Amino acid sequence: MERKIGVYVCECGPNIAEKVDIDKVLNAVSSLEGVAVAEKYKLLCSVDGKKFLEDEIKKHGLTHLVVSACSPKQHEQTFMEVCENAGINPYLFQLANIREQCAWITEDKDEATEKAIRLTKAAIRRVRYHSSLEKKEIECNPDVLVIGGGVAGIEASLQLASSDRKIYLVEKNSSLGGLITNFEKTFPNMKPTSDIIKQKIQDIAENENIKVFTDAEVEEVIGFFGNFEVKIKKKTEENNVVEFDVGAVVLATGSASFDPKKTPGYGYGKFDDVFTALEFEKMNSSGKISLKNGKAPKSVAIIHCVGREEKGYCSEICCMYSLKFACYLKDKIPGVKVSHFYSDLCIPGKSCQKFYEKTTEKNVDFIRATDVEVIKQGDKINIKYKAENNSKNSHPVDMVILSPAIEPTSDTSRLAEITSISQSDGGFFAEEHEKLGPVSTSTDGVYIVGCAQGPKNISETIVQSEAAAGKILSSLVPGRKIEPEVKTSQISESFCIGCKTCISVCPYGAITFDETKKISVVNEVICRGCGSCTAACPSGAATLKHFTFNQLYQEIVEAVQ
Amino acid sequence: MAKEFEPRIVGFLCNWCSYAGADLAGTSKLKVPSSLTPIRVMCSSRVDPVLVTTAFLRGADGVLVAGCHPGDCHYDDGNYYTRRRFAVLKKVVEGLGLESDRLRLSWVSASEGQRFAEVVNEFNEKIKKIGPNPLNVKTSL
Amino acid sequence: MSETSLNSKGVVISAKPNTKEAIIGILEKAMDKEVFDAVLIPMSVPAGDSFVYVLIKDKSLLKDAVPLSPVMSVQGAHAVSSVTRLGSGNMKIAAVMRPCEIRATVELAKLGQTNLENITLISLDCPGVLPMSDFLSDPKKSMSMFDDAVQKWDDKIMRPVCQICDKSSMVAGDIHIGTLGAKKDTFFIISNSQKGNDTLDKLDITLKDSIDSWQAKVKTISEEKQKKRKKNLKDLKSDIGGIDNLLDAFSQCINCHNCMSVCPICFCRLCYFDSDKVKHSSEEYLNRAESKGSIRFLPDTTLFQTGRMLHMSLSCVSCGACEDACPMSIPVAQIFSMIADETQDLFDYVSGRNLEEPLPLVTYKEGELHEVEDAND
Amino acid sequence: MNEKGSYSDVLVIGAGIAGIEASLLLSNSDRKVHLIEKTSYTGGTVIKFEEVFSNMECSTCMVAPRQQELLQDKNINLLTLAEVEDVKGSSGNFTVKVHKKARYVDMQNCIGCDACFEPCPVSLKNEFEEGLSERKAIYVPCAGALPNVPMIDTEHCIRFKGKDCKACQEACMFEAIDFNQKDEQIELKVGAIIAATGFDAFDSKKVPKYGYGKIDDVYTAFEFERLYASNGPTEGNITLKDGKAPKSAAIIHCVGRDQKGYCSSVCCMYSLKFNHYLKSKIPEIKISEFYTDLCIPGKSHQKFYEKMKETGVNLVRVKELEVEKQGNGMAVKYNNGNKKDSIQVDMVILASSIEPRDDTSKIAKVLGISLDEYGFLKEEHPDVSSVTTSKPGVFIAGCVQGPKNIQNSVSQANAAVGKVLSLSK
């Protein structure tokens, strides 16, 4: 069919008209090949302007539209809608930015006019090579796989489960609840932990839309957002592999804690009565805080930041739970002396400092110390340290509690690989964007929550679970189809030679390798259209829709005329 | 008197940072030489070195590739690949004894309207000093 | 620079009755013991005036093989690639090739164009090869001249690009046969990988002897060559460097694209520069002609050459195949070699040196190449 | 109104990063969103920053695409210069009264050409630029502000003081300026509400010993952010009041912490960011950071701290500190617990605490939820979800709930959306 391009130059009031001799522009382009009509208009983005364009397209039976006006960031969408309303494919349109990047930045009118002509001609050249692009719609499965049955996973499951959305909750241990079931109370309000978790475990059990697998591990997750195939393995049973499909995956695998044996200076594993935070929590929950000899400690040292140097980050919650330990001790052992050995007190947020002040009132010592070392002297344990004034001191105690750093669980890398997401600082799962994408990942449809993403306290963990729920509830709506990016890359089956270069440069894992055909294949649901693969492909098999070599080439040609 | 040499510069601008920066130069009404013809791409990593070479051999007096500052890429790490590809391109051009100064890679963020104007002004001046691209008049390319 | 797993010990083999037959003897033994099911190795064509790679399954044919052929009519990497591109199968194959051919093979492996799983790469010290044209003018004479040159290890009659090859003994495969620095009537066998070690084990060859003399000799030779290389490439640059020289150099190009089709690294199904991407409407050509007065046809030869450099100079092994294939005797290989040195230096990359080294364009470092960017801080 | 007899539309208060993210996410699920913003622009506080820690990403590059999306999103009804006056009803069924101030510039007609600024006879300090540059009575806060439509500041416009000035109107070719615009009372029916009205910086004047307001070249964090901003008053050149570049600077942490009684959790990091700002513009500058406890929680932050240490910054732990005028610059006199000491600097930057906005109590009242002891909006269960409130259907996100960094604000925004969407599941 014969090409009929309509070219419309916007005066944008005086903004373009005063700087650009629009009639000159129209003269220069009206006779170009394929140009059926070239007109100017006062303000094309105005209601009348859009109406005018629509009528013009219909009146002249235009096949392509070029508008010379403002930045595509301003009104590309506006004019694409005009095209749709007028019945031509919105991608058969090109906007030449002769305002921000011409009229407004050029002093001399002739120069501006000359440039406006160049930009308009470039747009006309380009639009000739545009092809219609159609929105796609992909069916999706609303169900969700939640990996990890701790507070994060439980919260996410409860938020998400509904009559039209099934949740598969996979926990590698034999029961739900995770780490915090070991804690008697939570900081800063010293509420019983059971208040938080008991009822929720109950709710999970009673919710028929949540299928729980304990003693189970995820073996395989293949597919993409909206359509994942999952394989899990139950450790206990025979014929133990279960398969099901989901639309999204939530990784809520929690964290482990740094092994103090790696820093022998603290005497852990060597001396009795040197405990890790977790051991102490358990001891406390069991109801009796005592030394190995059964007696209650008269003096306790709590050592902060164990493993911080080694890990290279601050675990955020150690200072606070160390304060909590002081409260446990003071409440249960009258007259016990408690001393904190710390370097910097990290108690961020509105509610923490008050807790700290409350604790100090219970006359707990806070000793800012470096080079802390735990040695055995007779039946006592002695803490040697360097004080703020650089004096070397020592401090005898009955019991030592070590507050170790939080670190990723041992299966983090395995799960990262299965879900093809990456790991970031400290080996935790990497979020898609440090600020705007804290719970999403580089793999669409795979979300990370809680301490699996990085050290954080319970309420921050729950917030992330709710956040992931928000992401999923808004993008994976039962019965609604997914509309992927239109301007994606595509790889020509006949040209691709299977060198996989594209696969290594794709930031989203949107390209997979077809082993039978030995070629790369773009998954258009995942592709976000950056075009890196297109530039990287040596055989020109990859093209980026709407930014093809030829479309850009046409602009170049005009630029160098 | 002969008209002063007006360079023709092709500018590949990434949509998220540099093109936005160029727009900001506009909204801030800064002066930018009209010699630059902006070509918008979604990411600087779309800029195929062959495209740049084509522009260069076609006689572009200068080619500017501009993207987000390293670490800021809208697509995570595209601009790091851009930089490697550009380095190879510059080497090849240089290696063949051609004027690699006509090729420039700049990082311009969306808030750097001022910087965008400076980059283009600078580059424009430089190209004026170097003079017209001789390839432009060569017929046997 | 990445570490190669070159085994510090080798083994001295007696070259009775001569090196060639001793090598073939070992290959035969290997086929007997089913260490290899087949051998990929050059053999002279029936007419005797050229050499091709043959995949030998019947070991009796090995005797006619020529491990060190005087010309490179087919780049070995091409051969390996065509055997294994669609999977290695379960046949164990020994490929006996020159170092540059093996390096090309390694590059192709990185590019998914060969599958080395069941391939054992065996290289030999390479004296270079004769220019195809010289050889064809008088195959017999050339043959004896070649043998003679190999004896003296003299590269005067070899291709220019061979004369400046400083990697003619680079060990990139699994096993290397070192003739340099060996005592009379002996040569070295050197292993460069676990696969190499295992293979030699199966042949009851234990790596017990020092290879210092080989390494020393190789070092001196490649240092000499490096000097020569620097000088020649410098001269070349002044000859072809700069717009006018370059255009002159390429002006004879007839766009036959032979250079591309014989290039082991050019693996594309359809070359980018034969694709529609670089074909334009007649209107387009006309207005190019208009703006310049005229344009040559076929057009875009320079774009083709620079484009190829962009696409594969990082993997170029300077094997010279392109230059042999150029009907217009353009020094393509030398030009590519010159550019390849510079682009590969950017990333401390040596094409084909090590299968583990990723291709420079599929990876990056965050804090690199500041010299090419301008970032304003 | 849906079958359950509740409204599906959502009210989001505040178009800062939290409000924007919440609105976009809601819209993505086909919810209609009414986004109420008090100022004339979107982007809140984040767009005042040139770069954001810990990866020093360009803030505008990060947020501008989201602002653009917001403006073009058909599901989002953005009401600028608007405030919520009254909320009645309960979860699923709120009736909201919004007071929308007249902008006196028509959003449809204005194309953002700025032609109206120049002729305006009034000139005053630009609040967005922390008073470091001037603006007119008709203005946009900064170049690139979105929506790129100016407003008339009726407090200062002489026309609204009775003079017959039409300068801007005459300059406008689009009949965009309409002095007859009236404030509007808008009533909205929504099912849920998300409050994301952000924070304020502690007023450094309240701690006289730091010399702010008395001594030139003592800057607040916000002032310094604008000094470094490439779209700011100095186009990113860090200069002293006398126009010279500082040779030395002191960054003082925890300004207002004692007064507020909590750690604002972001100050240490942004102070280290300031070190980066200064070093990148003035490589030879000498920098001292005065702190008590370094609070850099999370997996990515210490890495940045160590990078900054390599720049040679002088980190001083202090117990007491005051700033005095001395010579051309200032003396920072401090006591580190062991000894008293003093250093001379050209520039002092105060890392002020995060505190609730003054209008937070009003919002609490209107929404019928309570404030915590610090004046932030109070969450229902501090130990559990921090985005639910005592009132069903009303959620909170971002720094209005308490000090936090961008990541946690966005998490809360997403979480609030999660809560809203799961209400009607």
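The values are calculated or read from the model by the stated rules, or taken from the named source; none is laboratory data. All values derive from a computational prediction rather than experimental measurement. Positions of Cβ are backbone-derived with ideal geometry, glycine not excepted, and every protein chain shown enters the neighbour counts.
In region A:503-526, the residue that is surrounded by the most Cβ atoms within 10 Å (Cβ to Cβ) out of those that are among the hydroxyl-bearing types (Ser, Thr, Tyr) and either free of Cβ contacts under 8 Å to residues at least 24 places away in the same chain or within 13 Å of chain B (Cβ to nearest Cβ) (or both) is A:508.
Filtered by the rule that a residue be facing another protein chain (nearest Cβ under 9 Å), over 27 Å from residue D:425 (Cα atoms) and either outside any loop (DSSP other than H, G, I, E, B) or among the aromatic types (Phe, Trp, Tyr) (or both), region A:428-459 gives A:428, A:433. As a summary of the residue check, residue C:246 satisfies the conditions (1) closer than 22 Å to residue A:549 by Cβ; (2) facing another protein chain (nearest Cβ under 8 Å) except for the one numbered (1). Residue-level analysis places residue C:339 outside the set of residues that are in contact (Cβ under 8 Å) with a residue 40 or more places away in the chain and more than 13 Å from chain A (Cβ to nearest Cβ).
Considering region D:246-263 alone, what residues qualify as being of a type in the set (Ser, Thr, Tyr) and within 21 Å of the chain's Cα centre (by Cα)?
From region D:246-263, those of a type in the set (Ser, Thr, Tyr) are D:248, D:262; that's our starting set.
Matches in region D:246-263: D:262 only.
Give D:319, D:260, D:286 a once-over and let me know the one that is modelled with pLDDT under 95 and either out of contact with any helix residue (DSSP H, G or I) (no Cβ under 9 Å at 6 or more places or on another chain) or surrounded by 17 or more Cβ atoms within 10 Å (Cβ to Cβ) (or both).
D:319
Please verify whether residue D:370 is over 18 Å from residue A:447 (Cβ atoms) and more than 8 Å from chain A (Cβ to nearest Cβ), treating the condition exactly as stated. So residue D:370 passes the test.
Scanning region B:46-67 for residues that are within 7 Å of another protein chain (Cβ to nearest Cβ), without any contact (Cβ under 8 Å) to a residue 60 or more places away in the chain, in a helix (DSSP H, G or I) and not basic (Lys, Arg) gives B:49, B:50, B:51, B:53, B:54, B:55.
The rows are residues; the columns are (1) within 12 Å of chain B (Cβ to nearest Cβ); (2) assigned to a strand (DSSP E or B).
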{"site": "A:461", "(1), (2)": "no, no"}
{"site": "A:471", "(1), (2)": "no, no"}
{"site": "A:478", "(1), (2)": "no, no"}
{"site": "A:484", "(1), (2)": "no, no"}
{"site": "A:487", "(1), (2)": "yes, no"}
{"site": "A:490", "(1), (2)": "no, yes"}
{"site": "A:499", "(1), (2)": "no, no"}
{"site": "A:528", "(1), (2)": "yes, no"}
{"site": "A:557", "(1), (2)": "yes, no"}
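Please work out if residue A:317 is touching a Phe, Trp or Tyr at 6+ places or on another chain (Cβ under 9 Å) and either crowded, with 22+ Cβ neighbours inside 10 Å or not assigned by TED's automatic domain parsing to the domain that holds residue A:460 (or both). Spelling it out, residue A:317 is indeed touching a Phe, Trp or Tyr at 6+ places or on another chain (Cβ under 9 Å) and either crowded, with 22+ Cβ neighbours inside 10 Å or not assigned by TED's automatic domain parsing to the domain that holds residue A:460 (or both). Filtered by the rule that a residue be over 21 Å from the mean Cα position of the chain (by Cα) and not in a loop (DSSP other than H, G, I, E, B), region D:125-151 gives a lone residue, D:138. Does at least one position in region B:82-94 carry a residue that is assigned to a loop (DSSP other than H, G, I, E, B) and either within 7 Å of another protein chain (Cβ to nearest Cβ) or surrounded by 20 or more Cβ atoms within 10 Å (Cβ to Cβ) (or both)? Looking for residues that are assigned to a loop (DSSP other than H, G, I, E, B) and either within 7 Å of another protein chain (Cβ to nearest Cβ) or surrounded by 20 or more Cβ atoms within 10 Å (Cβ to Cβ) (or both), one finds none in region B:82-94, hence no. Test residue D:32 against the stated conditions and say whether it is charged (D, E, K, R), away from chain A (no Cβ under 14 Å) and surrounded by fewer than 21 Cβ atoms within 10 Å (Cβ to Cβ). So residue D:32 fails the test. Only one entry in A:212, A:249, A:242 is in contact with a Ser or Thr (Cβ under 8 Å, 6 or more places away or on another chain), in contact (Cβ under 8 Å) with a residue 24 or more places away in the chain and outside any helix (DSSP H, G or I), namely A:249. Answer yes or no: is there a residue in region D:271-283 that is surrounded by fewer than 16 Cβ atoms within 10 Å (Cβ to Cβ), within 14 Å of chain A (Cβ to nearest Cβ) and in a helix (DSSP H, G or I). No, region D:271-283 contains no residue that is surrounded by fewer than 16 Cβ atoms within 10 Å (Cβ to Cβ), within 14 Å of chain A (Cβ to nearest Cβ) and in a helix (DSSP H, G or I).
All told, residue A:97 meets the bar of being at pLDDT 95 or above, buried (at least 22 other Cβ atoms within 10 Å of the Cβ) and either of a type in the set (Asp, Glu) or in contact with a Cys (Cβ under 8 Å, 6 or more places away or on another chain) (or both).
If we scan region C:280-301, do we find a residue that is assigned to a helix (DSSP H, G or I) and either in contact with a Leu (Cβ under 6 Å, 6 or more places away or on another chain) or more than 14 Å from chain A (Cβ to nearest Cβ) (or both)? Yes, there is a match, as at least one residue in region C:280-301 is assigned to a helix (DSSP H, G or I) and either in contact with a Leu (Cβ under 6 Å, 6 or more places away or on another chain) or more than 14 Å from chain A (Cβ to nearest Cβ) (or both). Yes or no: region C:172-188 includes at least one residue that is crowded, with 22+ Cβ neighbours inside 10 Å and out of contact with any strand residue (DSSP E or B) (no Cβ under 6 Å at 6 or more places or on another chain). Yes: one or more hits. Filtering region D:8-19 to residues that are part of a loop (DSSP other than H, G, I, E, B) and surrounded by 24 or more Cβ atoms within 10 Å (Cβ to Cβ) leaves D:14, D:15, D:16. Within region C:44-73, residues that are farther than 25 Å from residue C:159 by Cα sit with their Cβ atoms under 8 Å from residues that are assigned to a loop (DSSP other than H, G, I, E, B), at 6+ positions apart or across chains, in these pairs: C:57/C:37. Taken over region D:279-329, the criterion of being under 17 Å from residue D:351 (Cα atoms) and among the hydrophobic types (A, V, I, L, M, F, W, C) is satisfied by D:287, D:290, D:294, D:295, D:296, D:308, D:313, D:315, D:316, D:318, D:321, D:323.
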